[in-house]
Each structure stands twice: as C-alpha cells, then as structure tokens.
Amino acid sequence: MLVSAKDMLNKARDGKYAVGQFNINNLEWTKAILLTAEEMKSPVILGVSEGAGKYMCGYKTIVGMVNGMLDSLNITVPVALHLDHGTFEGAKACINAGFSSIMFDGSHYPIEENIAKTTALVNTCDVLGLSLEAEVGSIGGEEDGVVGMGECADPKECKMIADLGVTMLAAGIGNIHGKYPENWPGLRFDVLENVKKEVGDMPLVLHGGTGIPDDMIKKAISLGVAKINVNTECQLVFQEATRAYIEAGKDLQGKGFDPRKLLAPGFEAIKVKVKEKMEIFGSVGKA
C-alpha cells in the first residue's frame with residue numbers, strides 16, 4: 001500500500017542518505033521505477049506533475065494504476081505517491097484521489113499567502129496522515145510550463161513555513177529544472193547551511209537533481225537534504241533508447257506496429273538510470 005513519505009525521509013535525514021523522487025509519465029516508467037526500487041531494497045517516491053496527471057487521464061487513474069502495480073508486482077519497499085509542484089487546487093484534488101504525499105508550491109506567492117495556503121493543507125494532511133512538502137524560493141528552469149529564475153530562498157521565510165508543521169521543505173539554492181547550462185555556478189551551500197540552521201531537523205528537498213555533480217549531491221545530503229527529485233535524466237534516457245530502436249528499424253517486422261516492443265528499450269533505460277541514482281543517493285538497502 002502507499003505510504004506517507006514522512007518516515008522514509010526522517011530515516012534518510014538521520015542516516016545521511018536521500019530518497020529519490022522519480023517522476024512518472026506512463027505505465028512503463030512506473031513499472032520500471034517500482035521494480036528497481038524493489039530490486040535495490042530502496043524506499044522510493046513516485047512524483048506526478050499536474051501536467052503528467054492530465055496526460056495519464058487524471059489522478060484517480062494514476063492511484064489505481066500504482067496501487068494495482070504494488071499488488072501485482074509484489075512490491076514490499078515503502079512507496080509514496082507524491083504530487084510535484086502542485087497548485088492549491090491540484091493539491092486538494094490529489095488528496096481526494098488517494099495520493100499519500102502532496103507538494104504545494106506556493107513559492108511564487110507573497111510569503112503571507114504562501115503561509116495561509118500551506119497552513120490549510122497542513123491541517124488537512126495531518127488529519128489524513130499524508131506527508132506535505134512546501135517550497136520557498138523558486139526553482140529555476142521550466143517544468144510543465146512553470147518557469148522559475150532560480151531565486152535562492154530566504155532562510156527566515158523557510159523557518160516561517162517549516163514552523164507550520166510541513167513534513168519537508170524545498171528551498172531554492174541555485175538548483176534548476178532541466179539541463180544545467182555550462183555557465184551554471186553550482187549549488188549555494190552557504191544558503192543551504194543557513195536554511196538548515198533555521199529549520200533544524202526538517203528534511204530538506206533538492207529539486208532539479210539531473211546533472212548536479214555527484215560531489216555536490218553528497219555534500220547537499222550531508223547538510224540535511226533527504227529527498228532528491230529526478231525527472232529530466234529519465235526523460236532523456238527514455239527518449240534516446242526509443243529513438244535508437246526506431247532508427248534501427250526494429251519495430252518494422254512485417255506484422256504492424258507493436259508498442260510493447262517499441263517502449264521496451266526505454267523501460268530498461270529507466271531501470272538503469274534509477275538504479276544509478278539510488279546508488280549515488282545512498283538509499284540502496286534502506287527499505
């Protein structure tokens with residue numbers, strides 16, 4: 001069954017490793033991530049953006065698919081189903097659909113409005129036993145049409161949000177969604193250290209995990225990051241494997257188009273990428 005991310009992130013924080021959030025976009029991605037998590041005995045968080053939710057026929061469809069896989073694949077590791085960068089309305093819809101974890105991204109609101117909306121969701125999630133992620137300081141890059149310039153979080157504002165009782169906090173520290181440009185200056189560890197001082201034991205979240213050097217990932221974990229989001233790298237390997245299969249002409253066998261064969265290389269590529277990330281994050285064997 002789906003679980004809140006609270007226990008897995010508290011264990012990760014105390015054990016100085018991070019749990020990977022891998023965004024899902026279809027059945028193949030979901031199956032690949034779950035099988036890899038089970039193989040690696042790693043807790044895992046399945047992330048769903050609002051755009052992906054619409055693409056996959058709504059949040060109730062996603063909950064049904066994931067719950068069905070947990071049962072059919074005999075998944076024993078902790079799995080949380082998490083709304084990624086949700087609006088206030090999207091958060092309420094995912095709560096009603098049966099998600100076990102929610103992210104409300106109020107970073108683009110004035111801090112007072114971010115606090116008000118986050119407070120309402122804290123109360124609801126507490127009653128239902130769901131984990132809740134909040135954000136301060138926008139994450140750079142673009143995700144589902146939402147563009148952020150990568151403003152670093154104000155540690156004092158981070159404390160204001162953390163004190164509301166959220167489960168985890170995403171703080172902008174120079175990280176971005178998508179590919180990192182060649183002139184990217186790197187993560188702002190000074191900001192991360194100051195945020196950590198303000199929020200204490202609150203598990204921190206690092207968005208934009210694609211392309212961050214391994215040494216930066218490990219340093220961020222040492223400074224309190226307990227959850228790291230990965231999406232773009234999975235998109236890239238899935239795309240590359242699928243393109244290579246098509247260009248090789250292997251889907252043309254005189255019997256028509258077979259989507260199962262077409263998507264199989266991407267499925268395997270996702271498994272390899274998720275395994276690689278879990279090893280870097282240190283979550284292998286932590287279930």
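Taking the C-alpha atoms only, the angle from helix 189-199 to the longest principal axis of the chain is near 60 degrees. Any of LYS219/LYS273; LYS31/LYS271; LYS117/LYS159; LYS11/LYS273; LYS54/LYS273 with alpha carbons more than 19 Å apart? Name them for me. Where the Cα-Cα span goes over 19 Å, the pairs concerned are LYS219/LYS273; LYS11/LYS273; LYS54/LYS273.
Adding -39500 (n - 2.57) for every DSSP H run of four residues or longer, then dividing by how many residues the chain holds, sets the calculated 222 nm ellipticity at -15000 deg cm²/dmol. Once all Cα-Cα distances of the range 148-274 are split into 10 Å bins that start at 0, what whole-number percent is in each one? Whole-percent P(r) values from 0 Å outward: 12, 34, 23, 16, 10, 4, 0.
Computed from Cα positions, the angle between helix 59-72 and the longest principal axis of the chain comes to roughly 70 degrees. Peptides 269-281, 160-172, ordered by how many other C-beta atoms sit within 10 Å of their residues on average, highest first, read 160-172, 269-281. Of HIS82, HIS108, HIS207, HIS177, the sequence from fewest to most neighbouring Cβ atoms within 10 angstrom is HIS108, HIS177, HIS82, HIS207.
Ordered by the count of other Cβ atoms within 10 Å of each Cβ, fewest first, ASP84, ASP215 give ASP215, ASP84. Which of the aspartates and glutamates could a cross-linker span from LYS275 if the Cα-Cα distance has to be under 12 Å and same-chain partners fewer than 8 positions apart are dropped? LYS275 reaches GLU38, GLU39. Fewest-first ordering of LEU130, LEU73 by other beta carbons within 10 Å of each residue's beta carbon gives LEU73, LEU130. Between ASP215 and ASP190, the simple label model (points 7 Å from Cα in the Cβ direction) yields a spacing of 1.9 nm. Going through (1) 30, 21, 18; (2) 41, 19, 16; (3) 56, 21, 15, the figure that equals semi-axes √(5λ) of the Cα gyration tensor in Å as computed for the structure here is (1).
With both labels modelled 7 Å from their Cα along Cα-to-Cβ, the GLU247 to ASN67 distance reads 4.3 nm. For LYS16, the aspartates and glutamates whose Cα comes closer than 17 Å to its Cα, not counting residues fewer than 8 places off in the same chain, are ASP7, GLU193, ASP201, ASP214, ASP215, GLU279.
Read-outs: derived from the displayed coordinates by stated rules, not from any lab. Keep in mind it's a predicted model, so treat the numbers as computed, not measured. Backbone-built Cβ (ideal geometry, glycine too); neighbour counts: all protein chains shown.
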